[in-house]
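What follows is a single structure, written as structure tokens, with notes after it.
The values are calculated or read from the model by the stated rules, or taken from the named source; none is laboratory data. Note that the structure is predicted; figures quoted are calculated from it, not measured. Note that each Cβ is placed from the backbone with ideal geometry, even for glycine, and that neighbours are counted across all protein chains shown.
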Amino acid sequence: MLEILRVASGVLGQVLSGRTLDTELATAWRRHPRLTSHERAVVQDVCYGTLRHLGRVDAMLDALVQKPITDERLRHLLRIAVYALEHTRIAPHAIVDHAVQACVAFGMPAAKGLTNAVLRNLQRQKQRVSAAAAATDVGRYSHPQWWIDRVRSEQPARWREMLEADNQHPPLTLRVNRRHVSRDAYLESLAAERIAARPVGADGVVLESPCPVDRIPGFSNGDVSVQDASAQLAAGMLAPPQGSRVLDACAAPGGKAAHLLERCDIELHAIDVDETRLERVRSNLSRLGLSASIACGDAAQPRDWWDGKPYDAILADVPCSASGVVRRHPDIKWLRRPDDIPRYAARQADILEALWQLLGKDGKLLYATCSVFQEENSLQVARFLERHPDARRIDPPGAENLLQQPAGQILPDADHDGFFYALLQRA
């Protein structure tokens, strides 16, 4: 447990200084090669969990100390320990004892007494501390105050359930490759393996108990891919005609591109600005037995990669705040800042303008984000339509009555990440 606390608090500190959780976990595995698979799993769990519930954890800490904790290393250690006491089955005495030992390992032996007192008082005064944490928005909903205020303003009827959904564990959702097997047949194969699952959407399957991908039947040979149910809607909404010329303009990591190819016989061009992430596109398509023309390029600068031939359909899954997927990436809500949103919106507008010029007459462009903020979504599309009399918004097929107000928004729920879609057609 001592090593778990040390590694996890170090990862947390790096994330809260501005780095992504995925990057820091990968770095931790390289720096600590002797960690067992079980220890890695525990480190990952407590890092994800602490970030998921960081607002509450910090509010509880504030209720347990008389003066602010100024040593960031100590604060990160206590954050991990408080989360572990609250949300894991690790023996409380082991958490407390090893947190005290970690103070010495971190070179701050003077903090042993405070650490012991804080964690033992949490156990003794849990009801008082929990009530104090729930007295503030940040403590109750574990999101930054600016985020809470924005969601409350934009979604007055559903803001609470949105924030609460963000703090739940996400489901493991698979997309069945219909070129290999039908969804019904795949569900039968799961049942034969005693793996509980249920259908979602047109091609999706939700596993009742998540498991590693190497244990998912048919994953290695391309029968299924991991993809959230909201992301699976894109292919059905764009629904390009057979034989059409299609662009996936921000393709990495390739889930939506693959889904298009699984459903349609099309000429697909996939581009992304990040060459490293394009390797994931190639890998995913290879596993699924699919092919596309793949190139590195900036969607906002088509002159650098476009061959001059118009597209019949374009998927523009643009860079965004990712505010709809924080249950999968809880670091996002603590890394984002209010002024990030207009910067994303400006980048999205540039991409939309550039891609619209590549679309042929009567062609369709599906604008998509994994955001819940209107500035990136409904307001972005409204401004675009004001600038372009040759564009009209049409109702997309395949939305399964999920699109909420403002039009096109899918709000987070038990089965779906937060997403936004708008289908535009060129006159």
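Given the structure, is Asp248 in contact with a Cys (Cβ under 8 Å, 6 or more places away or on another chain), closer than 30 Å to Arg347 by Cβ, in the same structural domain as Pro310 (by TED's automatic domain parsing) and buried (at least 24 other Cβ atoms within 10 Å of the Cβ)? If you could, list the steps in order and put the result at the bottom.
On the way: in contact with a Cys (Cβ under 8 Å, 6 or more places away or on another chain): no; closer than 30 Å to Arg347 by Cβ: yes; in the same structural domain as Pro310 (by TED's automatic domain parsing): yes; buried (at least 24 other Cβ atoms within 10 Å of the Cβ): yes.
No; evaluated as a whole, the condition is false for this residue.
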Sole miss for Val96 among (1) closer than 19 Å to Ala63 by Cα; (2) free of Cβ contacts under 8 Å to residues at least 12 places away in the same chain; (3) among the hydrophobic types (A, V, I, L, M, F, W, C) is condition (2)
Checking Arg89 against (1) over 31 Å from the mean Cα position of the chain (by Cα); (2) outside any helix (DSSP H, G or I), which single condition isn't satisfied? (1)
Looking only at residues that are more than 16 Å from Leu5 (Cα to Cα) and among the aliphatic types (A, V, I, L, M) in region 55-101, which one is surrounded by the most Cβ atoms within 10 Å (Cβ to Cβ)? Met60
In this structure, does Leu54 turn out to be over 30 Å from Ala135 (Cα atoms) and at pLDDT 95 or above? no
Can you name the residue in region 268-283 that is outside any helix (DSSP H, G or I) and of a type in the set (Asp, Glu) and, of all such residues, is farthest from Trp305 (Cα to Cα)? Asp274
Subset of region 202-251, residues without any contact (Cβ under 8 Å) to a residue 40 or more places away in the chain, closer than 22 Å to Arg287 by Cβ and of a type in the set (S, T, N, Q), comes to none
If you check Gly222 against the conditions, is it surrounded by 15 or more Cβ atoms within 10 Å (Cβ to Cβ) and in contact with a Ser or Thr (Cβ under 8 Å, 6 or more places away or on another chain)? no
Output the residue which, of all residues in region 185-217 that are among the β-branched types (Val, Ile, Thr) and within 22 Å of Asp417 (Cβ to Cβ), is farthest from the chain's Cα centre (by Cα). Ile216
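Sort through Val15, Val43 and tell me the only one that's within 22 Å of the chain's Cα centre (by Cα), within 24 Å of Gln168 (Cβ to Cβ) and touching a residue at least 40 places away in the same chain (Cβ under 8 Å). Write out each step before concluding.
Values: Val43 fails: touching a residue at least 40 places away in the same chain (Cβ under 8 Å).
The match here is Val15.
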The condition from (1) more than 28 Å from Ile332 (Cβ to Cβ); (2) in contact with a Lys or Arg (Cβ under 7 Å, 6 or more places away or on another chain); (3) outside the structural domain of Gln301 (by TED's automatic domain parsing); (4) surrounded by fewer than 24 Cβ atoms within 10 Å (Cβ to Cβ) that Val205 misses is numbered (1)
Could you list, in sequence order, the residues of region 7-39 that are in contact with a helix residue (DSSP H, G or I) (Cβ under 8 Å, 6 or more places away or on another chain) and under 15 Å from Ile90 (Cβ atoms)? Val7, Ala8, Ser9, Glu39
